[in-house]
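The values are calculated or read from the model by the stated rules, or taken from the named source; none is laboratory data. Keep in mind the model is a prediction, meaning the values are calculated, not measured. Every residue, glycine among them, receives a Cβ derived from its backbone with ideal geometry; neighbour counts consider all protein chains shown. Protein only, heavy atoms only, side chains kept; ligands, DNA and RNA dropped before computing areas. Shrake-Rupley method; radii C 1.70, N 1.55, O 1.52, S 1.80 Å.
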Amino acid sequence: QVQLVESGGGLVQAGGSLRLSCAASGIIFSIYTMAWYRQAPGKQRELVARITRGGITNYADSVKGRFTISRDNAESTMYLQMNSLKPEDTSVYYCYAVSGVNLYWGKGTLVTVSS
């Protein structure tokens, strides 16, 4: 059974930092492209950052220079270091894994940034 479990969300003041984790099980983690998406109330889910199995990363323009995505294949875990958080970063953050036709979502972790 495939599971993607996010953790690390919470309430933080603007300008603060959080580190999200996504622990994967039931998949060969190293072959998957991994990504973080987010969805704010009333808005569409959007890509935040992605990391390929080879370690190539890309980011949404809104988070470039503030967020860093990384992965630890030995631990089957992906991370998102979020610095200089803004109120507009408030969302549910979802972990996503894809390899070919196989794709999986986590259940999400809530990040709330107060002004």
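List pairs: first residue in the range 1-17 and under 21 Å from residue 71 (Cβ atoms), second residue charged (D, E, K, R) and at pLDDT 95 or above anywhere in the structure, Cβ distance under 9 angstrom, at least six positions apart or on different chains.
Once the first residue is under 21 Å from residue 71 (Cβ atoms) and sits in the range 1-17, its partners that are charged (D, E, K, R) and at pLDDT 95 or above give 4/107; 5/107; 6/107; 8/19.
Restricting attention to the range 97-115, which residues are part of a strand (DSSP E or B), under 17 Å from residue 22 (Cα atoms) and open to solvent by less than 40 Å² (accessible area, probe 1.4 Å)? If you could, list the steps in order and put the result at the bottom.
Residues of the range 97-115 part of a strand (DSSP E or B): 97-99, 102-105, 109-114.
Checking which are under 17 Å from residue 22 (Cα atoms) leaves us with 97-99, 103-105, 109-111.
Correct list: 97, 98, 99, 109, 111.
Against the definition (in a loop (DSSP other than H, G, I, E, B), under 20 Å from residue 10 (Cβ atoms), open to solvent by 40 Å² or more (accessible area, probe 1.4 Å) and out of contact with any His (no Cβ under 6 Å at 6 or more places or on another chain)), how does residue 64 come out, yes or no? Reasoning before the result, please.
Values: in a loop (DSSP other than H, G, I, E, B): yes; under 20 Å from residue 10 (Cβ atoms): no; open to solvent by 40 Å² or more (accessible area, probe 1.4 Å): yes; out of contact with any His (no Cβ under 6 Å at 6 or more places or on another chain): yes.
Judged against the criteria, residue 64 is not a match.
Residue by residue, here is whether (1) open to solvent by less than 50 Å² (accessible area, probe 1.4 Å); (2) touching a strand residue (DSSP E or B) at 6+ places or on another chain (Cβ under 6 Å); (3) more than 17 Å from residue 94 (Cβ to Cβ) holds:
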| site | (1), (2), (3) |
| --- | --- |
| 6 | yes, yes, no |
| 10 | yes, no, no |
| 37 | yes, yes, no |
| 40 | yes, yes, no |
| 55 | yes, no, yes |
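Filter the range 18-39 down to residues that are of a type in the set (Gly, Ala, Ser) and under 14 Å from the mean Cα position of the chain (by Cα) and give me whichever is farthest from residue 80 (Cα to Cα). Outline the logic, then answer.
Keep residues of the range 18-39 that are of a type in the set (Gly, Ala, Ser), which gives 21, 23-26, 30, 35.
Subset that is under 14 Å from the mean Cα position of the chain (by Cα): 21, 23-24, 35.
On the way: 21: 7, 23: 12, 24: 14, 35: 9 Å.
Per the criteria, the residue is 24.
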